[in-house]
1. Among ARG311, ARG330, which is the only one that is of a type in the set (D, E, K, R), assigned by TED's automatic domain parsing to the domain that holds ALA268, closer than 16 Å to ARG263 by Cα and surrounded by fewer than 16 Cβ atoms within 10 Å (Cβ to Cβ)?
2. Going by the conditions given, is ASP214 within 27 Å of CYS53 (Cα to Cα) and touching a residue at least 60 places away in the same chain (Cβ under 8 Å)?
3. Looking at (1) surrounded by fewer than 24 Cβ atoms within 10 Å (Cβ to Cβ); (2) at pLDDT 90 or above; (3) over 14 Å from LEU309 (Cβ atoms), which is the only condition GLU246 fails?
4. For the subset of the range 212-248 comprising residues that are part of a loop (DSSP other than H, G, I, E, B) and of a type in the set (Gly, Ala, Ser), which member is nearest to ALA115 (Cα to Cα)?
5. In this structure, does ALA256 turn out to be surrounded by fewer than 24 Cβ atoms within 10 Å (Cβ to Cβ) and not charged (D, E, K, R)?
6. What number goes with the only condition from (1) touching a residue at least 24 places away in the same chain (Cβ under 8 Å); (2) part of a loop (DSSP other than H, G, I, E, B); (3) not hydrophobic (A, V, I, L, M, F, W, C) that ARG62 does not pass?
7. State whether the residues of the range 92-101 include one that is in a strand (DSSP E or B) and surrounded by 14 or more Cβ atoms within 10 Å (Cβ to Cβ).
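The values are calculated or read from the model by the stated rules, or taken from the named source; none is laboratory data. All values reported here derive from a predicted model rather than from experimental measurement. A quick note on method: Cβ atoms are made from the backbone with ideal geometry, for glycine too, and the neighbour counts reach across all protein chains shown.
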Amino acid sequence: MQTISREQVEAALATVQDPEIHRPITELDMVKSIEIDDNGAVTVCILLTVAGCPMREEIISRVSTAVSRVAGVTDVSVILEAMSDEQRAALKEKLQGPTRVNPFTRPGNTTKIIAVASGKGGVGKSSITANLAIALARSGLSVALVDADIYGHSIPGVLGVTDPPTVVEGMLLPPESFGVRFISMLPFKPGGAHQAVAFRGPMLHRALEQFLTDVYWGDPDVLLLDLPPGTGDIAISVAQLLPRAELLIVTTPQSAATDVAVRAGMLAQQTHQRIIGVVENMSTAPCPHCGEPLDLFGTGGGSLVANALTRELGTTVELIGKVPFDVRLREGGDAGLPLMISNPQHPASVAISAIADLISAKPRGLAGMSLGLTPARN
């Protein structure tokens, strides 16, 4: 019988990441004990962050798989216990530090922050945001998504997850869907999806601030924010709380959308934000019978918005993508199965993937970033 050392089992457990925190369970002090008997059976006791942890079965599976790969192991048993209040407090401090801060404004933070905006509702902004987040995640990036539309939140439905986040000593562990971690107002409404949110400006600002400071985001490569339509409180709060955020403007080809999309982009003039590009949604689609292009909502709207913003802002704003109209993009969002997942080869999915590639390749601007420089005095 091959001898199994505790060090071998610990090394195997170090490869297991907590599915919500995305860090090794050994680093998070989640391994309470390891027992190895003479017959090669290993029993591991794991401390869950909370007793009702929704990922308990996933944790058991990951631990069992990792330990079973150790040479000589004949059986693996996983026992689950919950952390004490003191252990949870220590975990929270390890992850977030002794005080609550906005991680995206910390010196050295390199997360690319993109606020997706539109001038009006109904242009498919949330569908574009959710599918764009999935496309970025599928390319290998770590992606976080804030549903900043406090009144009209729709991201949980589009991503097919309405479960509340796990709460550890006031720290929120965001749910994850299709590789995207996200937070929304929905889980915090006792009355459910149909309950109205009666927040005024300061409360909206506070809600957005809590989404940034109370949620443990880790260190994502990209943070997307699905903004409410227009240029109201949330758009201004984003500029204040996330001064490095860049704007992605979504419009449709019709003039009713392009006019207000230009106004949404013009906010950058006052907030000193960079516009990363314009996306034209519901663009030309092929006729299902003859294949000829159908301009259901007109043509050229995206170019009009990009050209108008270039002219008004004095800097080049590009049309970085045109997503063809297809009812399946809407159906996927309604069903909680985004088109990027159900049909990644669909023309709309391909267009969104191309936008994701462009965004991830664009260098981030220096607006709002501390350069660590001190002016010289003569």
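1. Checking each option against the conditions leaves just ARG311.
2. yes
3. Going through the list (1) surrounded by fewer than 24 Cβ atoms within 10 Å (Cβ to Cβ); (2) at pLDDT 90 or above; (3) over 14 Å from LEU309 (Cβ atoms), GLU246 breaks only (3).
4. Filtering the range 212-248 for residues that are part of a loop (DSSP other than H, G, I, E, B) and of a type in the set (Gly, Ala, Ser), the one nearest to ALA115 (Cα to Cα) comes out as ALA245.
5. It is true that ALA256 is surrounded by fewer than 24 Cβ atoms within 10 Å (Cβ to Cβ) and not charged (D, E, K, R).
6. Failed condition: (2).
7. Among the residues of the range 92-101, not one is in a strand (DSSP E or B) and surrounded by 14 or more Cβ atoms within 10 Å (Cβ to Cβ), which makes the answer no.
Yes or no, residue by residue, for (1) under 16 Å from VAL279 (Cα atoms); (2) of a type outside the set (Val, Ile, Thr); (3) out of contact with any Leu (no Cβ under 8 Å at 6 or more places or on another chain):
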{"residue": "ALA306", "(1), (2), (3)": "yes, yes, no"}
{"residue": "LEU319", "(1), (2), (3)": "yes, yes, yes"}
{"residue": "ARG328", "(1), (2), (3)": "no, yes, no"}
{"residue": "GLY332", "(1), (2), (3)": "no, yes, no"}
{"residue": "ALA335", "(1), (2), (3)": "no, yes, yes"}
{"residue": "ALA351", "(1), (2), (3)": "yes, yes, yes"}
